[in-house]
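Trainee: Here it is, the structure, as structure tokens.
The values are calculated or read from the model by the stated rules, or taken from the named source; none is laboratory data. Note that this is a predicted model, so its numbers are computed, not measured. Cβ coordinates were reconstructed from backbone atoms using ideal geometry, including for glycine residues, and neighbour counts include every protein chain displayed.
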Amino acid sequence: MNKNTLIIGAGGVGNVVAFKCAMNIDTFGSITLASRTLSKCDSIASNVKDRTGVQMQTAKVDADSVSELVELISYIQADIVINVALPYQDLTIMDACTQTGVDYLDTANYEHPDTAKFEYKEQWERDGQFKDADIMALLGSGFDPGVTNIFCAYAQKHYFDEIHTIDILDCNDGDHGYPFATNFNPEINLREVSAKGRYWEKDHNGQGQWIETEPMEIKHIWDYPEVGAKDSYLLYHEEMESLVKHIKGLKRIRFFMTFGQSYLTHMKCLENVGMLGIKEVEHKGQKIVPMEFLATLLPDPASLGPRTKGKTNIGIFAKGIKDGKARTIYIHQISDHEKCYAEVMSQGVSYTTGVPAMIGAKLMLEGIWQGQGVYNMEEFDPDPFMEELNSQGLPWKVMELGADESREVKL
Ligand code: NDP
């Protein structure tokens, strides 16, 4: 039966999802791309038509309005809504899905515009509504969260009886030639990296607890295959909140991301002068939010595509036991920014987010991942997702290391 797919958000990630759904048209059927600015949808649709021959529909929608969303979803009779707008819109889009009885998928957890805090609470609380409506929500089907959750589930299924420690390692070695720019939405990106760090660890009584660090307080140097040794800083990242619930025997989980010195220096200066503030300030009689104003000044992430060179390398480093013996594995995926751009006109960060969003939606539409309620990625069988990663442009590798071996570089 022909399906109707609704993609919401026409930014860097929306562009990749639109291309990849078009490349899998047998599954996605009739595709509509909707966003706040119609011209951005039209421009993506025109590029998709030129390169794939697939004609998609476009629509204007304010995704902060449940009634507008309900009207659009009903009009196109969507079978799935792929939310790649901003995390601020997660709840309104979820509510529109429960009102219309349509499956939902996103790539980032809900954030309130006025508090730089992200957690699954409000989305998990909608589990009952999704069950009552007999539909499912798949949360965090990007790369991290997303593929990193799947790597953990795959490691748990095939390599370990118990995983004791996980380090999620996110390296972007891309160079776009600007002194300072962000690879995805600047506001979301800067809120994430300027927040306090946090990781989870069990204490000597076996009680799990979150340990807070100052922003960028903990630095390790990791040796990333095909990239080399890079300074990597401990951050809080949302997939840890669901992984601590679902990975058996876990004793510690941390998340590290690479940042170059120039990025950190720019960020510190901007922070020191108040440009990362998210509360309104008055300027010449007008109210402005400094972070929003900064986002206006910075290059549009979508414009970085044609100028970004280098690679991304994201993976998980896991230690645990199998058949009573210690085991260490490293699962990672390497993407090349220029290759991503050549395929779908987006750089690697948008590509590595958009492809898993399409794969999650594909598994849902094909009935391979099914359920009623609100789910995180690792709650499903990772095998079909891992197979799709290999065939849809994100091939991965598993490295088996010596039990005590690490890829951390000690100076
Ligand atoms: P962009 O800022 O490039 O795009 C966001 C899009 O959403 C824009 O087209 C914007 O419209 C649209 N939008 C914003 N507000 C509304 C609204 N109220 N109604 C309708 N449309 C709206 O962001 P990205 O493409 O870089 O990121 C998209 C999502 O992917 C974000 O949630 C981000 O957090 C997530 N992400 C997830 C990652 C992962 O690995 N899991 C990694 C990177 C990103 P307009 O064009 O008018 O501004």
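Trainee: Suppose the filter is under 30 Å from Lys219 (Cβ atoms), at pLDDT 95 or above and either among the charged types (D, E, K, R) or in contact with a helix residue (DSSP H, G or I) (Cβ under 8 Å, 6 or more places away or on another chain) (or both); does Lys410 pass it?
Mentor: no
Trainee: In the list Gly206, Gly249, which residue meets the criterion of being assigned to a loop (DSSP other than H, G, I, E, B), free of Cβ contacts under 8 Å to residues at least 12 places away in the same chain and either in contact with a Gly (Cβ under 7 Å, 6 or more places away or on another chain) or surrounded by fewer than 22 Cβ atoms within 10 Å (Cβ to Cβ) (or both)?
Mentor: Values: Gly249 fails: free of Cβ contacts under 8 Å to residues at least 12 places away in the same chain.
Testing whether each residue is assigned to a loop (DSSP other than H, G, I, E, B), free of Cβ contacts under 8 Å to residues at least 12 places away in the same chain and either in contact with a Gly (Cβ under 7 Å, 6 or more places away or on another chain) or surrounded by fewer than 22 Cβ atoms within 10 Å (Cβ to Cβ) (or both) leaves just Gly206.
Trainee: Oh, and also: Here is a list: Ile93, Ile82. Which entry is outside any helix (DSSP H, G or I), within 12 Å of the ligand (Cβ to nearest atom), closer than 24 Å to Trp369 by Cβ and not acidic (Asp, Glu)?
Mentor: Numbers: Ile93 fails: outside any helix (DSSP H, G or I).
Going through Ile93, Ile82 in turn, just one is outside any helix (DSSP H, G or I), within 12 Å of the ligand (Cβ to nearest atom), closer than 24 Å to Trp369 by Cβ and not acidic (Asp, Glu): Ile82.
Trainee: Considering (1) within 10 Å of the ligand (Cβ to nearest atom); (2) at pLDDT below 95; (3) among the small types (Gly, Ala, Ser), say which one Ala116 fails and leave the rest.
Mentor: Answer for Ala116: the failing condition is (1).
Trainee: Turning to a different aspect of this structure: Of the residues that make up region 143-156, is at least one touching a Gly at 6+ places or on another chain (Cβ under 7 Å), within 16 Å of the ligand (Cβ to nearest atom) and on the phi < 0 side of the Ramachandran plot? Break it down into steps so the answer makes sense when it comes.
Mentor: Initially, region 143-156 is screened for residues touching a Gly at 6+ places or on another chain (Cβ under 7 Å), giving 146, 149, 151.
Subsequent filtering for residues that are within 16 Å of the ligand (Cβ to nearest atom) retains 146, 149, 151.
Now narrow it down to the ones that are on the phi < 0 side of the Ramachandran plot: 149, 151.
Yes, because at least one residue in region 143-156 is touching a Gly at 6+ places or on another chain (Cβ under 7 Å), within 16 Å of the ligand (Cβ to nearest atom) and on the phi < 0 side of the Ramachandran plot.
Trainee: Still on this structure, please answer the following. Restricting attention to region 277-290, report how many residues are at pLDDT 90 or above and either touching a helix residue (DSSP H, G or I) at 6+ places or on another chain (Cβ under 8 Å) or surrounded by 13 or more Cβ atoms within 10 Å (Cβ to Cβ) (or both). Steps first, please.
Mentor: The initial filter retains those residues of region 277-290 that are at pLDDT 90 or above, namely 277, 279-290.
Now narrow it down to the ones that are either touching a helix residue (DSSP H, G or I) at 6+ places or on another chain (Cβ under 8 Å) or surrounded by 13 or more Cβ atoms within 10 Å (Cβ to Cβ) (or both): 277, 280-281, 288-290.
Residues flagged as at pLDDT 90 or above and either touching a helix residue (DSSP H, G or I) at 6+ places or on another chain (Cβ under 8 Å) or surrounded by 13 or more Cβ atoms within 10 Å (Cβ to Cβ) (or both) within region 277-290 amount to 6.
Trainee: Looking at Ile168, Ile188, can you tell me which residue is in contact with a strand residue (DSSP E or B) (Cβ under 9 Å, 6 or more places away or on another chain), more than 30 Å from Met399 (Cα to Cα) and among the β-branched types (Val, Ile, Thr)? Step through it out loud before you land on a result.
Mentor: Values: Ile168 fails: more than 30 Å from Met399 (Cα to Cα).
It is Ile188.
Trainee: Follow-up. Does Leu270 fit the bill of being within 29 Å of Leu139 (Cβ to Cβ) and surrounded by 14 or more Cβ atoms within 10 Å (Cβ to Cβ)?
Mentor: no
Trainee: Further question: Assuming Phe180 fulfils every condition listed in (1) within 16 Å of the ligand (Cβ to nearest atom); (2) out of contact with any strand residue (DSSP E or B) (no Cβ under 8 Å at 6 or more places or on another chain) apart from one, which condition is it?
Mentor: Failing condition for Phe180: (1).
Trainee: Right, here's the next one. So which residues in region 70-79 are in contact (Cβ under 8 Å) with a residue 40 or more places away in the chain and either within 9 Å of the ligand (Cβ to nearest atom) or not in a loop (DSSP other than H, G, I, E, B) (or both)? Break it down stepwise before answering.
Mentor: Looking only at region 70-79, we keep the residues that are in contact (Cβ under 8 Å) with a residue 40 or more places away in the chain, and these are 72-73, 76-79.
Scanning region 70-79 gives Leu72, Ile73, Ile76.
Trainee: From the list Ala108, Ala137, which one is in contact with an Asp or Glu (Cβ under 9 Å, 6 or more places away or on another chain) and within 18 Å of His246 (Cβ to Cβ)?
Mentor: Values: Ala108 fails: within 18 Å of His246 (Cβ to Cβ).
That would be Ala137, the only listed residue that is in contact with an Asp or Glu (Cβ under 9 Å, 6 or more places away or on another chain) and within 18 Å of His246 (Cβ to Cβ).
Trainee: Which residue is nearest to the ligand (Cβ to nearest atom), if the candidates are limited to region 28-46 and must be within 14 Å of Ala78 (Cβ to Cβ) and either at pLDDT below 95 or of a type outside the set (Gly, Ala, Ser) (or both)?
Mentor: Ranking the candidates gives Leu33 first.
Trainee: Take region 332-379 and flag every residue that is aliphatic (A, V, I, L, M), within 16 Å of the ligand (Cβ to nearest atom) and outside any helix (DSSP H, G or I). Write out each step before concluding.
Mentor: To start, the set of residues in region 332-379 that are aliphatic (A, V, I, L, M) comprises 334, 342, 344-345, 349, 355, 357-359, 361, 363-365, 368, 374, 377.
From what's left, within 16 Å of the ligand (Cβ to nearest atom): 334, 344-345, 349, 355, 357-359, 361, 377.
If the condition is that a residue be aliphatic (A, V, I, L, M), within 16 Å of the ligand (Cβ to nearest atom) and outside any helix (DSSP H, G or I), then Ile334, Met345 are the ones that fit.
Trainee: When the residues of region 119-131 are filtered to those that are touching a residue at least 60 places away in the same chain (Cβ under 8 Å) and in a loop (DSSP other than H, G, I, E, B), which remaining residue is farthest from the ligand (Cβ to nearest atom)?
Mentor: That would be Arg126.
Trainee: Asn15 - would you say it is of a type in the set (S, T, N, Q) and closer than 17 Å to Ile188 by Cβ? Give the derivation first.
Mentor: Working: of a type in the set (S, T, N, Q): yes; closer than 17 Å to Ile188 by Cβ: yes.
For Asn15, the condition - of a type in the set (S, T, N, Q) and closer than 17 Å to Ile188 by Cβ - is met.
Trainee: Within region 360-373, is there a residue that is touching a Lys or Arg at 6+ places or on another chain (Cβ under 7 Å) and either more than 27 Å from Ala133 (Cα to Cα) or free of Cβ contacts under 8 Å to residues at least 60 places away in the same chain (or both)? Don't jump to the end; show me each part of the working.
Mentor: Within region 360-373, the subset touching a Lys or Arg at 6+ places or on another chain (Cβ under 7 Å) is 365, 372-373.
Then drop every residue that is not either more than 27 Å from Ala133 (Cα to Cα) or free of Cβ contacts under 8 Å to residues at least 60 places away in the same chain (or both), which leaves none.
No: zero hits.
Trainee: Given the criterion within 16 Å of the ligand (Cβ to nearest atom) and farther than 19 Å from Leu105 by Cα, identify the matching residue among Lys49, Lys60. Break it down into steps so the answer makes sense when it comes.
Mentor: Numbers: Lys49 fails: within 16 Å of the ligand (Cβ to nearest atom).
Criteria check complete, one pass: Lys60.
Trainee: Within region 127-180, how many residues turn out to be under 22 Å from Val227 (Cβ atoms) and of a type in the set (D, E, K, R)?
Mentor: Total satisfying the criteria: 5.
Trainee: Going through Glu282, Glu271, Glu292 one at a time, which residue ends up being assigned to a strand (DSSP E or B) and out of contact with any strand residue (DSSP E or B) (no Cβ under 7 Å at 6 or more places or on another chain)? I'd like the intermediate steps shown before the answer.
Mentor: Values: Glu271 fails: assigned to a strand (DSSP E or B); Glu292 fails: assigned to a strand (DSSP E or B).
After applying the criteria, what remains is Glu282.
Trainee: Among the numbered conditions (1) part of a loop (DSSP other than H, G, I, E, B); (2) at pLDDT 95 or above; (3) within 16 Å of the ligand (Cβ to nearest atom), tell me where Asp134 comes up short.
Mentor: (3)
Trainee: Which is touching a residue at least 60 places away in the same chain (Cβ under 8 Å), touching a Ser or Thr at 6+ places or on another chain (Cβ under 7 Å) and at negative phi, of Leu298, Leu304, Leu294?
Mentor: The conditions single out Leu298.
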